[in-house]
Structures are given as C-alpha cells and as structure tokens.
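This report refers to the structure that appears directly beneath it.
Each value in this text was obtained by applying a stated rule to the coordinates, not by laboratory testing. Since the model is a prediction, treat every value here as computed from it, not as a measurement. Positions of Cβ are backbone-derived with ideal geometry, glycine not excepted, and every protein chain shown enters the neighbour counts.
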Amino acid sequence: MSASNSFVEPVNKAGLPDTDFEVRSLDTMCVSDTKVVEPWYGHLKYLIIGVLFGIVFVKAEIISWFRIQEMFRLQSFHMYGVIGSAVAVGMLSVFLIKKFNIKTIHGEKIEFHDKKFNKGQIYGGLLFGLGWAITGACPGPLFAQIGTGATVIVVTLLAAIAGTWVYGKFRDKLPH
Amino acid sequence: MLEWLKQPWPWYVAGPLIGLTVPALLILGNKSFGISSSLRHICAACIPAKIPFFQYNWKKEAWNMFFVLGIFLGGVIATLILSNPAPIAVHPNLATELAGYGITDYTGLVPGDVFSWPALLTARGFIMMVVGGFLVGFGTRYAGGCTSGHAIMGISNLQLPSVIATCCFMAGGFIMANLILPFILSL
C-alpha cells in the first residue's frame with residue numbers, strides 16, 4: 001500500500017477536484033454528495049442498512065442462481081415482482097423527496113443527478129447481462145452469496161474486481 | 001414469528017423493502033443507492049496502478065464499503081438464524097433441464113454441482129465463476145451501474161439512460177440463459 005500511495009499522491013495533490021468531477025460525469029453511481037464529515041462510526045448506519053438488505057436478498061432468494069435462471073426463462077414472476085415493486089417504491093420515494101423538499105438527517109438538501117447517455121450503457125449493459133445469467137448474481141448478491149457460506153464465490157468477486165480494473169485500464173480505447 | 005420469517009419471503013415483501021433502501025440512503029446521508037461502484041473503490045484503494053479512472057478520493061466513498069460489508073453480514077445472519085432447511089423449489093421445467101446437465105443439488109442458493117472449489121479446475125466451472133464474474137465487473141462499470149444503480153436508483157429518478165441500460169441487462173441475460181448457457185452447462 002505504501003508503495004502505491006507514493007505514486008498516487010502527486011496526482012491527488014494536482015487534481016483532486018477534477019478527478020472527482022470525472023467520477024461524477026462518467027458514472028454518477030454511488031458518489032457521496034454530503035458535505036458533512038462524519039466520524040468513522042457514522043458509517044455504521046450504512047452497515048446496518050446493508051445487513052437488512054442482505055437478509056432480504058437471502059430470504060427472498062434474490063441471490064439464488066435458480067431464481068435468476070427462472071427469470072430469464074420466463075418460468076417465474078418472482079424476480080419481476082421484486083424488481084418491479086422495488087422500482088415502484090423507489091420512484092414514489094424520490095417523487096415525495098422532491099415534492100416536499102425532504103432534507104437529510106443532517107439538514108442538507110438531497111441531491112439528484114441526471115445521467116448522460118453513452119454507448120457504454122448498451123455495450124456494458126449487454127456484457128453485464130451475459131455475466132448476470134451465468135453467475136446468477138449482480139454485484140450486490142455476490143457479497144451476500146459469500147455470506148451464505150458459498151466461499152468459492154470469493155473467486156467470482158475477485159474476477160468481477162479484475163473486470164472492473166480491466167475496464168478502467170482500457171476505457172479510453174472502448175467506444176462510449 | 002421466527003418460523004414465519006424462516007419461510008422464503010414473497011416478492012411483495014422483498015421488493016418494497018429493497019425499494020425503501022433508496023430513500024433510506026438519501027435521507028441518512030445524501031447517498032445514491034448503487035453497489036457496483038464498490039468494486040471500483042476496491043480497485044482505487046488496492047490496485048490503482050496510476051490508471052486515471054482509479055485516481056479519486058475513494059475514502060470519501062467509504063460508506064459504500066460499509067454497505068457491502070453489511071450485505072455480506074446480512075447473508076451470514078440470514079443463514080445462521082433464519083435459514084429454511086427445505087431445498088429451494090424451482091419450476092419443474094427448469095429442474096428437468098438442469099438435471100440433464102447433472103445439476104441436482106438444491107440445498108444451497110447456488111448449485112454446488114457448478115459452483116464449488118473443485119469445479120474451478122473444470123472448463124465449465126472456470127467459465128461460470130471466473131469468466132462470468134469478469135463480465136459482471138467489466139460490464140457494470142462499462143454501463144456505469146448495475147441492477148441497483150441503474151434499474152432501481154436510476155429508473156426511480158426517471159433517467160432514460162438507466163432504462164436503456166436495464167433493457168440491455170435483460171437482453172444480455174435472455175441471450176445467455178437461453179442461447180449460450182446450454183452449451184456452457186454441457187461442458
């Protein structure tokens with residue numbers, strides 16, 4: 001780690017705001033908007049949300065390879081019901097937050113960001129779809145599958161990290 | 001109560017609970033729901049290798065790592081105290097098809113016949129675990145998000161690019177499951 005930090009640091013010092021901007025413009029997922037600096041234990045609330053989320057994943061069999069196979073063979077409504085009702089609740093929540101200008105628990109305005117279309121959403125989307133049907137898992141379920149005791153899925157997770165890294169390495173050469 | 005919780009949960013319970021993650025993360029700390037970014041943060045933290053795509057302040061996104069650690073722990077907790085001993089029930093046509101490939105183990109959420117340490121050394125196991133995982137990591141980052149970031153958070157915020165991405169996820173899945181996976185599973 002110390003060796004890699006010595007490489008990283010000049011870049012960070014030179015252009016931290018710019019690289020953050022790049023994170024936002026290229027994929028706005030998971031970028032933290034808050035200006036509030038919390039102590040480390042402030043993150044425990046996300047851990048708790050994750051735990052609840054993971055339990056739902058397992059108990060509704062969303063992380064089951066078999067349920068994903070049924071979904072892609074139109075043999076079960078289960079996954080369509082899960083995703084559809086999740087989107088409906090999420091959509092209603094976002095609508096209510098915007099309409100009533102609901103603030104965070106720290107009193108901040110909640111930020112939303114528009115996504116720009118690029119061809120990566122098509123090519124990357126298709127490639128992810130292929131991988132989803134093979135592994136029966138998107139990134140979230142990989143973590144939960146390992147938790148259920150399927151330790152070999154650590155290999156799948158490492159392969160997914162490698163895939164992300166290779167994308168980062170060659171992204172300038174890929175059509176977007 | 002505990003006995004009831006141990007049964008498989010129906011979609012109309014699970015889906016809305018997953019949907020509620022969106023406002024929960026927004027209200028707790030202005031965080032947009034998404035999971036595949038955690039893979040990028042791991043790259044940025046562990047193997048940045050001077051690649052511009054991994055040069056950013058990943059520590060600011062530490063919440064996302066706590067979130068996925070929680071998902072892992074949720075899997076542990078659900079298995080230790082809420083697990084249902086009955087084998088997973090699947091559509092009879094799927095069971096017939098999978099039996100043709102030698103997949104008959106329904107005790108885990110992933111079939112032990114395919115996903116196991118010894119199977120890693122077979123062509124089928126390698127493609128299923130390593131190639132499949134690579135496609136998940138590469139594809140989600142190329143698409144700028146996964147099922148959570150695009151299909152749930154993006155569509156909830158009425159983003160057309162997320163609708164396009166979600167349609168492509170589904171198209172890729174249908175192609176793989178129906179046209180390509182039969183060959184892989186026959187290996």
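Computed values, structure above
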{"quantity": "Test: residue in the range B:70-85 that is of a type in the set (V, I, T) and assigned to a loop (DSSP other than H, G, I, E, B)", "calculated": "no"}
{"quantity": "Residue under evaluation B:M176, criteria (1) farther than 29 Å from A:L52 by Cβ; (2) among the aliphatic types (A, V, I, L, M); (3) within 7 Å of chain A (Cβ to nearest Cβ); (4) surrounded by fewer than 17 Cβ atoms within 10 Å (Cβ to Cβ), criterion not met", "calculated": "(4)"}
{"quantity": "Scope the range B:114-135; condition in a loop (DSSP other than H, G, I, E, B) and either surrounded by fewer than 18 Cβ atoms within 10 Å (Cβ to Cβ) or in contact with a strand residue (DSSP E or B) (Cβ under 9 Å, 6 or more places away or on another chain) (or both); matching residues", "calculated": "B:W117, B:T122"}
{"quantity": "Odd one out for B:A49 among (1) assigned to a helix (DSSP H, G or I); (2) more than 7 Å from chain A (Cβ to nearest Cβ)", "calculated": "(1)"}
{"quantity": "Of residues in the range B:163-172 being under 17 Å from the mean Cα position of the chain (by Cα) and within 7 Å of another protein chain (Cβ to nearest Cβ), the one surrounded by the most Cβ atoms within 10 Å (Cβ to Cβ)", "calculated": "B:A165"}
